[in-house]
1. Can you give the charge dipole size of the chain about its Cα centre, rounded to the nearest 20 debye, using +1 on the beta carbon of Lys and Arg and -1 on the beta carbon of Asp and Glu?
2. Whole angstrom only: what separates the Cα centroid of the stretch 140-158 from the Cα centroid of the stretch 308-330?
3. Using Cβ contacts closer than 10 Å as the measure, can you line up H289, H76 from fewest to most?
4. Given the peptides 323-332, 263-272, arrange them by the average over their residues of other C-beta atoms within 10 Å, most packed first.
5. Applying the Karplus parametrisation 6.51 cos²θ - 1.76 cosθ + 1.60 with θ = phi - 60° to the phi angles of the stretch 85-100, what ³J(HN,Hα) value in whole Hz is obtained for each residue in order, glycine and proline being reported as x?
6. On a full-extension model of 0.36 nm per residue, what is the gain between D256 and L149, subtracting their alpha-carbon distance, rounded to one decimal in nm?
7. Along the charge dipole of the stretch 215-334, pointing to its positive end and built from +1/-1 on Cβ of Lys, Arg, Asp and Glu, which listed residue (C255, V326, L240) has its Cα farthest out?
8. If R₀ is 35 angstrom, what is the calculated FRET efficiency for the pair L243 and D194, using the beta carbon separation as r and rounding to 0.05?
Amino acid sequence: MNGSSNRRQEQHVVVAECRDGLLRQVSLEAIAAARGCMADGDKLAVLLLCGDGAEASAAAEQLARRAPDEVIAIDHPVLGRYAPDTHLAAVLAAAKALAPEARWWWLGHTAIGRDLAPRLAARLGAGQVSDALAAARGGDGRIELARALHAGKALERRAFLPGDTAIVTVRPNNFAPAEPIAGAAAPIRRVPFDPPPSRIFVRDVVRRASGTVDLAEARIIVAGGRGVKSAAGFAPLAELAALLGGAVGASRGACDAGYCDYALQIGQTGKTVTPDLYIACGISGAVQHLAGMSRSRVIVAINKDPEAPIFGVADYGIVGDLFEVVPAFIAELSGEY
């Protein structure tokens with residue numbers, strides 16, 4: 001902060017997401033990121049877009065305990081499924097209600113956030129940083145952001161000055177979720193929304209990912225590669241992931257071989273994940289795969305080849321047959337030993 005007494009107050013806005021009626025974890029992480037970048041006198045609002053009034057009320061109450069200033073809720077049946085033009089119009093309606101102080105917009109780096117953020121940036125004439133891993137306010141008042149480049153081998157740092165308008169998407173699992181704030185909950189303001197005529201119609205949504213834990217937000221991931229050998233070979237990995245409360249992932253090699261759906265792919269052309277624990281089973285460790293998981297906090301590699309590149313990034317390595325090691329893990333967790 002530059003210490004100037006006439007500094008203009010800025011409004012930070014977090015665009016929260018719901019999925020299957022539940023608030024997404026990354027939305028709470030975006031709130032934490034925004035909180036960490038606020039200067040004295042700044043305000044923080046959370047924008048919630050929902051297609052159902054009851055769903056909006058439940059999520060808004062949860063957000064109101066974490067937003068220091070207010071929650072803005074917009075619910076309309078057309079917002080039940082994401083469509084770029086209607087969701088952008090809803091966000092712009094909130095921006096109009098918050099004008100002119102709304103300067104900072106925070107979203108999760110999800111499928112929706114990746115699509116909505118550049119559209120919003122273009123309409124607001126704002127700068128944009130995608131997939132931020134860290135965010136902090138510097139001593140001179142600028143907000144500094146970091147994101148990974150070159151398959152995670154380098155960090156790019158960008159800064160915005162006070163008064164700039166910026167759109168930021170934050171990578172899941174890189175900020176601690178915002179905890180409830182002591183005291184009274186923030187007020188909830190409902191903003192009317194009259195959706196414009198849409199050129200996009202969502203007829204159906206087909207989800208191919210298995211399990212109940214979202215891969216991008218999972219704290220524990222058990223991933224398989226070509227060494228799994230078949231679709232049936234993923235069964236013990238799924239069992240281990242279920243015992244750990246995690247999700248199942250895969251390398252591109254396993255997906256190309258038809259062992260699992262591409263929705264599970266992790267890597268340069270798949271999802272980028274940063275779980276607390278990543279268990280790589282039968283994955284050699286090609287650079288394209290490492291680009292999607294090398295920033296995991298703890299990496300355990302299981303591979304029969306002691307020269308496999310995956311051991312170069314692993315915190316713990318097990319040279320052995322995954323079809324012997326994984327069942328041993330399962331037996332230990334199940335109390336069978």
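Computed from the coordinates by the stated procedures, all read-outs in this text should not be read as laboratory data. Bear in mind that the values here come from a model prediction, so they are computed numbers and not experimental data. Here the Cβ is made from the backbone with ideal geometry for all residues, glycine too, and neighbour counts use every protein chain on show.
1. Its charge dipole is roughly 940 debye.
2. Value for the Cα centre distance between the two parts: 32 Å.
3. Values: H289 29, H76 18.
The fewest-first ordering by Cβ neighbours comes to H76, H289.
4. 263-272, 323-332
5. Coupling constants for the stretch 85-100: 6, 6, 5, 4, 4, 5, 5, 5, 5, 5, 4, 5, 5, 9, 4, x Hz.
6. Working: separation 107, 0.36 × 107 = 38.52 nm, distance 2.53 nm.
That works out to 36.0 nm of additional length.
7. Positive-most Cα among the choices belongs to C255.
8. Values: r = 49 Å, r/R0 = 1.40.
Computed FRET efficiency for L243 and D194 comes out at 0.10.
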